[in-house]
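The values are calculated or read from the model by the stated rules, or taken from the named source; none is laboratory data. These numbers were taken from a predicted model, which means no experiment stands behind them. In this analysis, Cβ positions are derived from the backbone assuming ideal geometry, glycine residues included, and neighbour counts consider all displayed protein chains.
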Amino acid sequence: MDQKKELERVVATDCGSTTTKAILIEKVGEEHRLVARGEAPTTVEAPFEDVTRGVLNAFRELEELTGRKILDGEKIIKPKKSETEGVDLYVSTSSAGGGLQMLVAGVVKSMTAESAARAALGAGAIVMEVIASNDGRLPHERVELIRRLRPDMILLAGGVDGGTKKHVIELAELIRAADPKPRFGVTYKLPVIYAGNKDAREDIKKILGDVTALYIVDNIRPVLERENLGPARDKIHELFMEHVMQHAPGYAKLMTWTDVEIMPTPGAVGMLVEKVARKENIEVVGVDIGGATTDVFSVFKGVFNRTVSANLGMSYSISNVLVEAGIENILRWVPFHIDPSDLRNRIRNKMIRPTTIPQTLEELIIEQAIAREALRLAFEHHKAMATSLKGVQKERTISDAFDQTLSGETLVDLMSLNLIIGSGGALSHAPRRAQAALMMLDAFQPEGITMLAVDSIFMMPHLGVLSKVDEKIATEVFDRDCLIRLGTAIAPKGKAKPGTVILKATVTLPSGDTKTVELKYGEMLKLPLGVGEKARVVLEPDRKFDVGEGRGRRVETEVEGGVVGLIFDGRGRPLELPEDARERVEKLSSWVLALEIYPEDRYRKILEGSA
């Protein structure tokens, strides 16, 4: 493909586990914009067993919506022939067939095994299980586990270069004894990537070379104080294409259509989050809350992290959220009185009928309470994985490394966080944008000054893979059509007695008008400030509170508005809700009404009915 010619029309697909989503991007004037989005059921399973059928159906919907001709029969017209015919580029991502499922094996669970898990997660994989020499399992239990899981790929790591070889060789022998069979394609050998002690490479070749498709890359942990995830991550991407995709129904054909390699959906989303952080030089958290899993992505201090909470979701996994969070934690976000057994039954009903959506305001409020807990738990998991030792870019002393392992110091710094991007049905499709803003504030509890945004129609995967070809087009469409800015949240960190004034703010609006805000502890306020509008703020926190420069220190900066506006969150950090049920409902109600979260008349009726 000639990269010198400017791309005028691009089509991209994301083949998900249930739906294949296609988008059409065109050059409009001097910039590229999203023109249309089409979708169709994914066809990777029986009776079709050919992923391209769903792709063609999604393309046909794009053709009907736009009047453009993309297909000639079942062939994509490339390059663009006229204003109404053909496209210049086709790219795709995929999580169909369950995505990329990996088993990770490492020597020390808290060190090499976790480093290996981070490499796999960063490449867009779902880590099915982590096996370590010190995980407490007996050898036969590990063999049985490897056989039962049937992963698409195994990542084996362990030992620093020049260190002991014994443990990593024992792990390789367990994999050989298990002789695992892959999910797709019984005729090929299972890919195993070895990213451990370089001195053990010959031994590993002898043990696994003839029974698996063995690939050797640089050690993930060459020395104790440093992590080197790039080579393993790149090899995972490559093998995902070569082995897994080739054997999944219809992918061999789809790969002949695309102009760049198909990427795992989460890998593409992660790539986009990483590029946005680098381009803007900001610290970012992105979250995708799905029906079965919740993915969290972050970039702090230039280090990218991704975690998958494979049992936290809003449909198939909704009962797991109840089990992990506990009924009390879900109840605390419901801004009206409800019997715990009634709440449990509603959650069970959703699990039995996972594709249903809330039909009443009451159901919507309960679903959003559950979403808060799914997001909170996924973020806690992410903070535990995104630690400074594992993401370390600089050399450290050995004592420092041990100290980090024990303290598990997280890279996630909520005060330095600049942007939170929410994605997935619960956030992207919330009936009012203010609902998504409050869910993210409650679940992530950002501190200081943070921009909140949502992905409008879930096109981050498409734009992530497009950024490999043309970063300018991908970031342009991301900024103009994908990202919906909800507004800036100002949240002083600290604790005080209810009703104490914790922040005085002077806001100079674009019109030149000045507004003063006195924020009391425990309250929330909002000021109108539209999308693209900027205001100058002078923030003077109480001596016990911090808005970014330290306790009691004044901050003067520019903030950007959004569809919700400028939000002042005076609830303190960490956020604590009253223990007493009546008090708690009163507090929640005051926030719901202050931010206009739900239609007031309908919400008050629910309150009266539950009193």
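Modelled with pLDDT of 85 or more, closer than 20 Å to Val44 by Cβ and out of contact with any Pro (no Cβ under 9 Å at 6 or more places or on another chain): does that describe Leu229? Spelling it out, it is not the case that Leu229 is modelled with pLDDT of 85 or more, closer than 20 Å to Val44 by Cβ and out of contact with any Pro (no Cβ under 9 Å at 6 or more places or on another chain). Restrict the check to segment 560-582 and report whether at least one residue is assigned to a strand (DSSP E or B), surrounded by fewer than 19 Cβ atoms within 10 Å (Cβ to Cβ) and not aliphatic (A, V, I, L, M). Yes, there is a match, as at least one residue in segment 560-582 is assigned to a strand (DSSP E or B), surrounded by fewer than 19 Cβ atoms within 10 Å (Cβ to Cβ) and not aliphatic (A, V, I, L, M). Exactly one residue out of Asn305, Asn329 is assigned to a helix (DSSP H, G or I) and either modelled with pLDDT of 85 or more or touching a Cys at 6+ places or on another chain (Cβ under 7 Å) (or both), and it is Asn329. Criterion applied to Glu560, Glu540, Glu576, Glu523 was being over 30 Å from Ala430 (Cα atoms) and of a type in the set (Asp, Glu), and the one residue passing it is Glu540.
Here is a yes/no grid of residues against (1) under 24 Å from Val51 (Cβ atoms); (2) modelled with pLDDT under 90; (3) under 19 Å from the mean Cα position of the chain (by Cα):
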{"residue": "Gly86", "(1), (2), (3)": "yes, no, no"}
{"residue": "Tyr90", "(1), (2), (3)": "yes, no, no"}
{"residue": "Ala105", "(1), (2), (3)": "no, no, no"}
{"residue": "Lys109", "(1), (2), (3)": "no, yes, no"}
{"residue": "Ala113", "(1), (2), (3)": "no, yes, no"}
{"residue": "Ala120", "(1), (2), (3)": "yes, yes, yes"}
{"residue": "Ile126", "(1), (2), (3)": "yes, yes, yes"}
{"residue": "Val130", "(1), (2), (3)": "no, no, no"}
{"residue": "Ser133", "(1), (2), (3)": "no, yes, no"}
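Looking only at residues of segment 25-43 that are touching a residue at least 60 places away in the same chain (Cβ under 8 Å) and surrounded by 22 or more Cβ atoms within 10 Å (Cβ to Cβ), we find that the one that is nearest to Ala268 (Cα to Cα) is Ile25. Residue count for segment 268-283, restricted to those that are outside any helix (DSSP H, G or I) and either surrounded by 23 or more Cβ atoms within 10 Å (Cβ to Cβ) or without any contact (Cβ under 8 Å) to a residue 60 or more places away in the chain (or both): 1. Residues that are modelled with pLDDT of 75 or more, surrounded by 14 or more Cβ atoms within 10 Å (Cβ to Cβ) and among the basic types (Lys, Arg) were ranked within segment 168-189; the one that is nearest to Lys206 (Cα to Cα) is Arg176. Within segment 193-201, one or more residues are without any contact (Cβ under 8 Å) to a residue 40 or more places away in the chain, assigned by TED's automatic domain parsing to the domain that holds Arg221, crowded, with 24+ Cβ neighbours inside 10 Å and under 30 Å from the mean Cα position of the chain (by Cα). Quick check, is Ile327 in contact with a Gly (Cβ under 9 Å, 6 or more places away or on another chain), under 30 Å from Glu583 (Cβ atoms) and outside the structural domain of Ala46 (by TED's automatic domain parsing)? Against the criterion (in contact with a Gly (Cβ under 9 Å, 6 or more places away or on another chain), under 30 Å from Glu583 (Cβ atoms) and outside the structural domain of Ala46 (by TED's automatic domain parsing)), Ile327 does not qualify. Pairs linking a residue in segment 558-573 that is assigned by TED's automatic domain parsing to the domain that holds Ile502 and at negative phi to a residue that is modelled with pLDDT of 95 or more and among the aromatic types (Phe, Trp, Tyr), with Cβ atoms under 7 Å and 6 or more positions apart or on different chains, are Gly570/Tyr521. Just one of the listed residues (Ala310, Ala374, Ala386) is in contact with a Leu (Cβ under 6 Å, 6 or more places away or on another chain), small (Gly, Ala, Ser) and closer than 30 Å to Arg221 by Cβ, and it is Ala386. Return the only residue of Gly313, Gly291 being within 18 Å of Glu363 (Cβ to Cβ), in a loop (DSSP other than H, G, I, E, B) and in contact with a strand residue (DSSP E or B) (Cβ under 7 Å, 6 or more places away or on another chain). Answer to the selection: Gly313. Considering only residues that are touching a Phe, Trp or Tyr at 6+ places or on another chain (Cβ under 9 Å) and closer than 18 Å to Trp333 by Cα, look in segment 349-365 and name the one that is surrounded by the most Cβ atoms within 10 Å (Cβ to Cβ). Checked segment 349-365; the qualifying residue surrounded by the most Cβ atoms within 10 Å (Cβ to Cβ) is Ile365.
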